[in-house]
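**Student:** Can you read through this structure? Questions will come right after.
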Amino acid sequence: MIVFGSEVKEIIEPTADFTRLLKEITKIKASKETDIVSMLQKAIELFPRENITKHLILITDALPTKGETPEKSTLEEASIARSEGITISLIGIELNEKGKKFAEKIVELGEGRLYAVRNLENVDKIVLEDYYSIM
């Protein structure tokens, strides 16, 4: 799990300990800026190189704001992640129309799923549903 805003704030390396992940998810607070590129770069770095299932779930409003061309850079990095064998799903929090369209592009590149939610109330169930969909 990578908690990010304008920068990467916290990292929990890949794990099968869902209880710990779900507890950590409930502590996350929204940031004003979103640097999805740096988070994707860190995720690529964290996943092992061997041929195993590598799946990333983004919880975001899907509106990258950091960098000169944040949307273009984000899609390029999502493509790089996919070429490294990482699939990407996205849980979109209160997506507006622009965020929804951009989230659709990310999950298309990442060969994942998009979940649109209004709040984090049922995010634990969504994370588990997504996890079991790739197994």
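Since every read-out is calculated from the coordinates, none of them should be taken as a lab result. Because the structure is a prediction, the values reported are computed rather than measured. Here the Cβ is made from the backbone with ideal geometry for all residues, glycine too, and neighbour counts use every protein chain on show.
**Student:** Could you give me the ³J(HN,Hα) list for the range 97-112, computed from phi with Karplus coefficients 6.51, -1.76, 1.60 and θ = phi - 60°, whole Hz, x at Gly and Pro?
**Tutor:** 4, 5, x, 5, 5, 5, 4, 4, 5, 4, 6, 5, 4, x, 6, x
**Student:** Could I ask something else about it? Structure shown: which of LYS23/LYS125; LYS54/LYS105; LYS32/LYS101; LYS23/LYS100 lie over 23 Å apart, alpha-carbon to alpha-carbon?
**Tutor:** Distance filter (> 23 Å) returns LYS23/LYS100.
**Student:** Run the reach check for LYS98 against aspartates and glutamates, Cα to Cα strictly under 15 Å, same-chain hits fewer than 8 apart removed. What comes back?
**Tutor:** Straight-line reach from LYS98, under 15 Å: ASP61, GLU71.
**Student:** Express the relative contact order of the range 79-135 as a whole percentage, based on alpha carbon pairs under 8 Å and six or more residues apart in sequence.
**Tutor:** Normalised by residue count, the contact order of the range 79-135 is 38 percent.
**Student:** Treat the count of other C-beta atoms within 10 Å as a stand-in for reagent exposure and order ILE91, ILE28 from fewest to most.
**Tutor:** By the 10 Å Cβ count, ascending: ILE28, ILE91.
**Student:** Okay, moving on. Assigning unit charges at the beta carbon (Lys, Arg +1; Asp, Glu -1) and nothing else, what dipole magnitude in debye, to the nearest 20, does the chain show about its Cα centre?
**Tutor:** In debye, rounded to 20, the chain gives about 220.
**Student:** For ASN122, list long-range residues whose amide hydrogen, built 1.01 Å from N in the peptide plane, is under 5 Å from its own amide hydrogen.
**Tutor:** The answer is none.
**Student:** Pop a pseudo-label 7 angstrom from the Cα along the beta-carbon direction at both VAL8 and GLU121 and give the gap in nm to one decimal.
**Tutor:** Taking the simple label geometry, VAL8 and GLU121 are separated by 3.4 nm.
**Student:** Sorted by mean Cβ packing within 10 Å, highest first, what order do the peptides 102-109, 40-47 take?
**Tutor:** Sorting 102-109, 40-47 by mean packing, highest first, produces 102-109, 40-47.
**Student:** Mean separation of Cα pairs under 8 Å and 6+ residues apart, divided by the residue count of the range 2-134: what relative contact order is that in percent?
**Tutor:** Over the range 2-134, the number comes to 21 percent.
**Student:** Here are labelled values, [x] 47, 30, 28; [y] 35, 33, 26; [z] 57, 33, 21, and one is the computed Cα extents along the principal axes in Å for what I pasted. Which one?
**Tutor:** [y]
**Student:** Which net charge results for the neighbourhood of VAL123, defined as the other residues with beta-carbon distances under 13 angstrom from its beta-carbon, given Lys and Arg at +1 and Asp and Glu at -1?
**Tutor:** Net charge in that neighbourhood comes out at -2.
**Student:** Another one. Using the Cα centre of the range 33-101 as origin and beta-carbon charges of +1 (Lys, Arg) and -1 (Asp, Glu), tell me which of ILE52, PRO70, SER89 is placed farthest towards the positive end of the dipole.
**Tutor:** ILE52
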